[in-house]
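Read-outs throughout are calculated quantities, based only on the coordinates presented, and are distinct from any laboratory measurement. Only a predicted model underlies this, so the values are computations on that prediction, with no experimental measurement involved. All Cβ positions, glycine included, derive from the backbone under ideal geometry; neighbour counts span all protein chains shown.
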Amino acid sequence: MSEPVRHRFATDITDLELADYQRAVRLVLRHPLITATWPDERALPRVRRFATTLRRDLSEAFGYRLELHGGTARLVRAKDRLDPTQPARSRTGRPFDRRRYAYLALCLAVLGRAGVQITLSELADSVAADASRISGLGLDPDQGADRRAFVDAVGWLEERGALRLADGSTSAWATDPGAGEALYDVARDVAVALFRPVRVLQHVDSAEALLDRSLASSGNAERRRSAQVARRTVVESPVVYLSDVEPAVANHLRGTALAADLTRLTGLRLERRAEGVLLVDTMGLSVERFPGTGSVAQAAVLLAVELAERALDPDGRRVRRLSAPDESARQRVLIDQVDAGLPTATFVQLDDPAPTPAAEPDEPEQVPGETRLPLVTDSFLRDAVGEILRRYGSAFGAQWHADPHRLGSEAIALLERFGAVIRVPGGVLVRPLVGRYRNTVAAVRQRAAAETLF
């Protein structure tokens, strides 16, 4: 008889319970905040059923902390890098901008000192009073742009159960603050769970301080940390390229243990290639999926086919190749953009660090074995989008035919979010993921009410 396979995770979960446990893991990874109503009424009982094992496995595998208080479950994640591809979104799908994020933070501050109920106008007045003390912000409910941004922030809280409508209508107030009103019950446990900073924010002088920078005390601790970073990277990114991570993390990505661990935890299969790894999402782990539905997603798939043919066609015109932008430099740009909005007046310096001498800028040089990616120009992209609209015209609505530039921009943005291309001046750099869609054949399928691709 062969010995049973020994696993490091879900050790006390029976084979009959394993699928349910994996569903709970995917649920917590996709929704770091779970309440009695968010994302649905069945989510919290599923997490509570496996709470003990989830706490242990999420801590050991990813360095995450699962907290359950009252009617909430909160996953406190360790972040290794800034990710601009997962913004908060309004109910209509609009990504939050700086103003909406600011209103959301101020709403949480007001709810933290509010009673058990609050009216929408009272919340707006309190947020407006706080916003008026912030240079360049402010909130005037009579201004349509401010009102819409505020309503988006309130709607985000309402979706997650921090605010529960008891009477009235938010939409009526959003149309005319003087003619409508809404009364909310405040779920204090949800509001407290939402705001979980890993550090006192008054001591943070840069967004980089919120990223995981734990120091290992031994070789074993360093290997454990690298394995956690590798697992985190795989479940948080659509595709992970070995060239984008540290060598120690890349070694874990190449190993077989990581694939077995993630399959055991999530029920998903890890696909490994020479360039990197991909967790094949067949169970809805990610909020956004690719390929997906909708005109933009369909255009993105068709554009990926064109990019693959252009980059890999041996009989076509030679494609210029460029070095991919340094990932650490891209992170530095993101950090600087976030830091530009930090309030310096409230910063509290805990100690007086010695001044660090300014580093000399590195001279650009060609690194031996450096990966160079095919450059596809903007003119090719414009022609490709035009050809897609011509060939599959009935699959796209009139608004896209009237604005092909917008369709192309949104399709490229989608491909970039999934690690298929990198936007650079003059075009895009084609990454290896695009090769999966070479020789893909698409057809138009007619419907009675609508026409879509595939």
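Ignoring everything except DSSP H segments at least 4 long, calculate the 222 nm mean residue ellipticity for the chain; use -39,500 (n - 2.57) per segment, divide by total residues, nearest 500.
One gets -13000 deg cm²/dmol as the mean residue ellipticity at 222 nm.
Charge tally around ALA191: other residues with Cβ under 15 Å, Lys/Arg +1 each, Asp/Glu -1 each, net +1.
Using 1/(1 + (r/R0)^6) with R0 = 22 angstrom and r between the beta carbons of ARG91 and SER409, what's the FRET efficiency to the nearest 0.05?
0.40
Over region 15-76, what is the relative contact order in percent, taking alpha-carbon pairs closer than 8 angstrom and at least six residues apart? Relative contact order, region 15-76: 34 percent. Here the Karplus curve 6.51 cos²θ - 1.76 cosθ + 1.60, taken at θ = phi - 60°, turns the phi angles of region 6-19 into couplings of 9, 10, 8, 10, 6, 5, 9, 9, 6, 4, 5, 8, 4, 4 Hz, with x standing for Gly and Pro.
For ASP205 and ARG423, what does the FRET efficiency come to when R0 = 41 Å and r is the distance between their Cβ atoms, rounded to the nearest 0.05?
With a Förster radius of 41 Å, E is 0.85.
Applying both filters, DSSP loop and at most 10 other Cβ atoms within 10 Å, to the trypsin sites (Lys or Arg not before Pro) of region 22-88 gives ARG42.
Could you calculate the FRET efficiency of ARG330 with ASP167 from 1/(1 + (r/R0)^6), where r is the beta carbon distance between them and R0 is 51 Å, rounded to 0.05? Numbers along the way, then the final one.
Details: r = 48 Å, r/R0 = 0.94.
In this case the efficiency is close to 0.60.
Packing-wise, with mean Cβ within 10 Å as the measure, how do 397-406, 277-286, 96-105 rank, highest first?
96-105, 277-286, 397-406
Over the chain, the reciprocal of the mean inverse Cα-Cα separation, the Kirkwood hydrodynamic radius, stands at 25.1 Å.
3J(HN,Hα) along region 194-210: 5, 9, 10, x, 7, 9, 5, 5, 5, 9, 9, 9, 7, 4, 4, 5, 8 Hz, from the Karplus curve 6.51 cos²θ - 1.76 cosθ + 1.60 with θ = phi - 60°, whole Hz, x for Gly and Pro.
Take every Cα pair under 8 Å whose residues are at least 6 apart in sequence, average their separation, divide by the length of the chain, and the relative contact order is 14 percent.
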